[in-house]
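The values are calculated or read from the model by the stated rules, or taken from the named source; none is laboratory data. None of the values given here were measured: they were computed from a predicted structure. A quick note on method: Cβ atoms are made from the backbone with ideal geometry, for glycine too, and the neighbour counts reach across all protein chains shown. The protein model used for the area step is the full one, side chains on, heavy atoms only, and it has no ligands, DNA or RNA in it. Shrake-Rupley method; radii C 1.70, N 1.55, O 1.52, S 1.80 Å.
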Amino acid sequence: MEQKKEKEERRMGLERLPSSLLIEEVLLKLEIETLCSVSCVNKAMSFSVSQALPLLSSINLSAFSPDAQILSSIVGGCRGLHSLTLNCLHLDNLSLGVILGTHLQELNLLSCSLLSYEVFTSIGEACPNLRVLVLELVDQCSTEAFRTNLDQMLSGCLCLESISLKIRGRDVGANAFQSIDFFLPSALKSMKLQSVLEQDVIRLMDKIRVGADRNSVQTSHVSIPVSPLSSVFTLQRLSLVLDAISDELIMAISGNLPTLVELDLEDRPVKQPLPNHDLTNTGLQYLASFHHLMGLSLIRSRHNQQVSFKRVNDMGIFLLSEVCKGLESVRLCGFSKVSDAGYASILHSCLKLKKFEARNAFFLSDLAFLDVTEFQCSLVEVKLLSCSLITSETVKQLTRSRVLEVLDLCGCRSIADSCLGSISSLRSLSMLNLAGADITDYGLSVLAQGIPSITHLCLRHCERVTDEGISFLFHGGGTIRKTLSQLDLGHMPRISDKAVFTIAMAGTEITELCLRHCSVTDVSLDCLAMRKTFRDECKLLRRLDLLNCTGLSVNSLRFLKSPSFPGLHWLGIGGTPLASKGYPTLSKIHSQRPWLTICLEGCEMGCYDGWQFHRAGYPQ
């Protein structure tokens, strides 16, 4: 009763403020979702919010998937908007008419499962002042439509400085960029393309060179049929997902884009590339042309194929570390012939290195990080993914860097309790991934007493951790219980309803929770639905992953109905009785909560990498 009285007094206090003060000093500083919630308090507050919305310069709606009606009510009157980010899972081309206009300078359209290529033309016609564009579309198997509409957009958006186009295929190998013939604005500084053919990129590099030569040589009788690329075209950031990375590709990029600051290349070959069509030590030497390079990412994704950069060894990495000493960020994946000596050369030579990632590094061991404190670089982010030879000794070395903020050890199965004491002393650490580590409840009790302000913690596949370990985590007296907002307990057979009850009662900051493949029942869903009732200071749960939690029954769907889970944006229930037998009820829940994405497909949290596979007609 006293809490309700205090809330009412606070609300009345806000309403007594002058309208201008309320809008400028309170409402405009709230997140968009909180702002919309405030508008529901009463008519007076709704009016104030309606006056505040047009004054917003930036809106981010990526956390949930609005439909056309919700989008119009939020963004429709915001004609002063400069930056807009949208999750477009439920939006079609017509829905975007309300948001496009000359006022936009930055537009991020994510998970666009319903948008056609015609959206390019719409953007080009309506947004001539656009400077930043991010688009995630589904491949529509129409190369001509893609090229025509993209040309229309780029011809209309001459101020573009950054463009990111990700065309996701429903089938493996789908590729929308059959040819890169489109016009590139001379102001462009950053370009990301997924997926693109290696030979098309090489041809584009040739056009950049020919375009520059044509502008530097005066001739009245020679006509070269190329795209009008300017001689002042100075791209600084290039990110590509390709079919193959080769020496020829590296040579073409380095020879024509010497001003690059960041180079991010990932390939997904369906088979091991031929010797004359692969990346070798020679190709890495071409990187010497990049005198300003600060970030380098070279990734060969394995997927279902056992492929790697077999023609790069330690010598190639030695050469790389010598010619690119100014690197601040390095990401390497698939270098199966590189050993400790190669990786250590990067750590020793790149004195400004802040971020280091190695993935599937079969010969990377603790020796590469021996005496890491003697390196002059100050590592802020370290990711060692699926590096089977890495043990707790490496972690102890890395934790001597007191500025470490991100530590990702996913798939390093030799990581044990012995290093958690060192991790617990890292005050700056905010993200920790121990997926697959050989840790126990005791290790979590040590971490729980530490000082790190960890907001993201992944314990997926830590099969020795039990309910008691989760209890230690939230009752250990350390900092983590006050800061932890995202927790992944997926694939942990010893986690049950008891652990979820602990989280519901003590995890006041938790907003995202993954329980996929855990032995939880309806009791867990009930606890999570009631957590705000138990403790009013608990934050609203935004995302919940229950994939393959077969202990849940169809009866638990009642916990998903209003007013339970008022802030839920995303729910993953694939492989559960809720998905197989509860479709009629799910449809009703979705109609009541159109902002809620109900994923039946098995996507990871948020469907960031699986939205293109969602089946039409299912609750989303």
Original post:
For the range 247-273, which residues satisfy the criterion of being within 17 Å of R203 (Cα to Cα) and open to solvent by less than 50 Å² (accessible area, probe 1.4 Å)?
Top reply: D247, L249, I250, A252, I253, S254, N256, L257, L265
Original post:
Taking the range 58-82 as the search range and keeping residues that are under 23 Å from the mean Cα position of the chain (by Cα), open to solvent by 20 Å² or more (accessible area, probe 1.4 Å) and of a type in the set (S, T, Y), which one is nearest to C157 (Cα to Cα)?
Top reply: S58
Original post:
Taking the range 404-440 as the search range and keeping residues that are part of a helix (DSSP H, G or I) and farther than 16 Å from G477 by Cβ, which one is most open to solvent (accessible area, probe 1.4 Å)?
Top reply: S418
Original post:
For the range 111-131, how many residues meet the condition of being over 13 Å from Q152 (Cβ atoms), surrounded by 16 or more Cβ atoms within 10 Å (Cβ to Cβ) and at pLDDT 95 or above?
Top reply: 2
**OP:** Could you list, in sequence order, all residues of the range 590-607 that are in a strand (DSSP E or B) and either over 15 Å from S62 (Cα atoms) or open to solvent by 30 Å² or more (accessible area, probe 1.4 Å) (or both)?
**Re:** I598, C599
**OP:** Please tell me if L586 is in a helix (DSSP H, G or I), in contact with a strand residue (DSSP E or B) (Cβ under 7 Å, 6 or more places away or on another chain) and modelled with pLDDT of 85 or more.
**Re:** yes
Original post:
Can you name the residue in the range 472-495 that is more than 25 Å from G411 (Cβ to Cβ) and either touching a Gly at 6+ places or on another chain (Cβ under 8 Å) or part of a loop (DSSP other than H, G, I, E, B) (or both) and, of all such residues, is most open to solvent (accessible area, probe 1.4 Å)?
Top reply: R481
Subject >> Checking L204 against (1) modelled with pLDDT under 90; (2) more than 30 Å from V270 (Cβ to Cβ); (3) out of contact with any Lys or Arg (no Cβ under 8 Å at 6 or more places or on another chain), the condition it does not meet >> reply: (2)
Subject >> One residue from G469, G574 being surrounded by 17 or more Cβ atoms within 10 Å (Cβ to Cβ), under 24 Å from L420 (Cα atoms) and out of contact with any strand residue (DSSP E or B) (no Cβ under 6 Å at 6 or more places or on another chain) >> reply: G469
Subject >> Candidates S587, S562 - the one that is of a type in the set (G, A, S) and open to solvent by 80 Å² or more (accessible area, probe 1.4 Å) >> reply: S562
Subject >> Selection within the range 556-582 - in contact (Cβ under 8 Å) with a residue 24 or more places away in the chain, over 18 Å from T511 (Cα atoms) and part of a helix (DSSP H, G or I) >> reply: S556, L557, P577, L578, K581
Original post:
Among strands (runs of 3 or more DSSP E) lying entirely in the range 313-385, which contain 3 or more residues that are open to solvent by less than 30 Å² (accessible area, probe 1.4 Å) and within 24 Å of N281 (Cβ to Cβ)?
Top reply: 329-333, 355-359
Subject >> Among the candidates L547, L557, residue that is buried (at least 22 other Cβ atoms within 10 Å of the Cβ) and within 17 Å of L515 (Cβ to Cβ) >> reply: L547
Original post:
Which residues, counting only those in the range 140-160, are surrounded by fewer than 17 Cβ atoms within 10 Å (Cβ to Cβ) and either in contact with a strand residue (DSSP E or B) (Cβ under 8 Å, 6 or more places away or on another chain) or among the acidic types (D, E) (or both)?
Top reply: E144
